[in-house]
1. Can you tell me which of 77, 141 is within 27 Å of residue 42 (Cα to Cα), open to solvent by less than 20 Å² (accessible area, probe 1.4 Å) and either among the small types (Gly, Ala, Ser) or at pLDDT 95 or above (or both)?
2. Test residue 190 against the stated conditions and say whether it is buried (at least 22 other Cβ atoms within 10 Å of the Cβ), under 17 Å from the mean Cα position of the chain (by Cα) and farther than 15 Å from residue 31 by Cβ.
3. Which condition number does residue 218 fail, the rest of (1) open to solvent by 30 Å² or more (accessible area, probe 1.4 Å); (2) without any contact (Cβ under 8 Å) to a residue 60 or more places away in the chain being met?
4. In segment 177-215, which residue that is in contact (Cβ under 8 Å) with a residue 60 or more places away in the chain and outside any helix (DSSP H, G or I) is farthest from residue 253 (Cα to Cα)?
5. Looking at segment 101-115, which of the residues that are surrounded by 22 or more Cβ atoms within 10 Å (Cβ to Cβ) and touching a residue at least 40 places away in the same chain (Cβ under 8 Å) is farthest from residue 164 (Cα to Cα)?
6. Does segment 259-294 hold any residues that are closer than 30 Å to residue 181 by Cβ and open to solvent by 70 Å² or more (accessible area, probe 1.4 Å), and which are they?
7. If we scan segment 199-208, do we find a residue that is modelled with pLDDT of 95 or more, charged (D, E, K, R) and under 24 Å from residue 36 (Cα atoms)?
Amino acid sequence: MWNRRRFIAASIATSTIRSFAAPSTSNPLLIDSHVHVWKHDPAFPFAPGAHPPAEDASEETLLNLMQTNGVARTVLIQVIHYRWDNRYLASVLKHYPGKFHAVCRVDPEDPAAPDHLTQLAQQGFHGVRLSPAATAEGDWIRGPLMQPLWRRCAELKVPMTILAPVTRLPDLIPLIERNPRLIVVIDHMADCPLDRPDQLQMLLVLARYPRVFVKISHIWSLSRGPFPYRDADTQVKRLYDTFGPKRLMWGTDWPISLKQLPYDQAVALYRDHLDFLPAKDHEQILSKTVQEVWPFGL
């Protein structure tokens, strides 16, 4: 559980980044592909059994951070604290039209999930997130309810976003092959451990499917070194070499990332430290790939 003072300090920190990174020589367009928001509000109760941090991670705080750090737009991902109740995120979309895209959650074990997804798409959500665990409790990803949900996703032309350990990725292949026009986004490099390049191959093989995209997020979580986490460079380079820049995107995972680094440093990690990339490819990852999946019209 986060300490109140630490949370607030990390959220509002905007002056520390120059001590961690050389000043940027340009102002690239930045679109953050992965952020969560929540608020303690009786109008939008958390799911039974959820244990969110005591401090809010509100859209107002996020918008201030975006403005300070030059982030133009953000994709909001339904946080697990609300489980399948997407009403809070729907309210954020309504109050800030054009500033955000949002990805919902539906219960993957509910036969009515495809219809729930249709209703949420009509409310402005652009995509759904599924989170199959590596253990037997995630075996629903192989079950009969998946194909109707993936097919509905394809019909609605909204991306399927997957949060899963890398060992679960082979289970996606039949679903990807049955829905070749569906955009599929793999979150956080499938959290593949940096010291398991053999497991990374389970992610790399998905490059054969041209509609599969990867978020090179969670560098800060996977690394065992200090900022800017150079031990992760090899894995990111392998993804870049295999998928190419047009199928990679960055993301801060704010406020989950506050466990390790403040928002401004998370932005700088991708803006200032992917220095092995050609400038054109860097620009692609910072904004253009995100807009391919979640069009903002910028």
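The values are calculated or read from the model by the stated rules, or taken from the named source; none is laboratory data. The structure presented is a predicted model; accordingly, all values stated were derived computationally and were not measured. Virtual Cβ from ideal backbone geometry, glycine too; neighbours counted across all protein chains shown. For the accessible areas, the whole protein counts, side chains as well, though only heavy atoms, and no ligand, DNA or RNA atoms are used. Shrake-Rupley method; radii C 1.70, N 1.55, O 1.52, S 1.80 Å.
1. Testing whether each residue is within 27 Å of residue 42 (Cα to Cα), open to solvent by less than 20 Å² (accessible area, probe 1.4 Å) and either among the small types (Gly, Ala, Ser) or at pLDDT 95 or above (or both) leaves just 77.
2. Here the answer is yes, as residue 190 does meet what is asked.
3. It fails just one condition, (1).
4. Here is the first cut: in segment 177-215, the ones in contact (Cβ under 8 Å) with a residue 60 or more places away in the chain are 183, 185, 187-188, 213, 215.
Narrowing further to those that are outside any helix (DSSP H, G or I): 183, 185, 213, 215.
Values: 183: 20, 185: 15, 213: 17, 215: 10 Å.
For segment 177-215, the residue satisfying everything is 183.
5. The residue in question is 101.
6. The answer is 280, 283, 288, 292.
7. no
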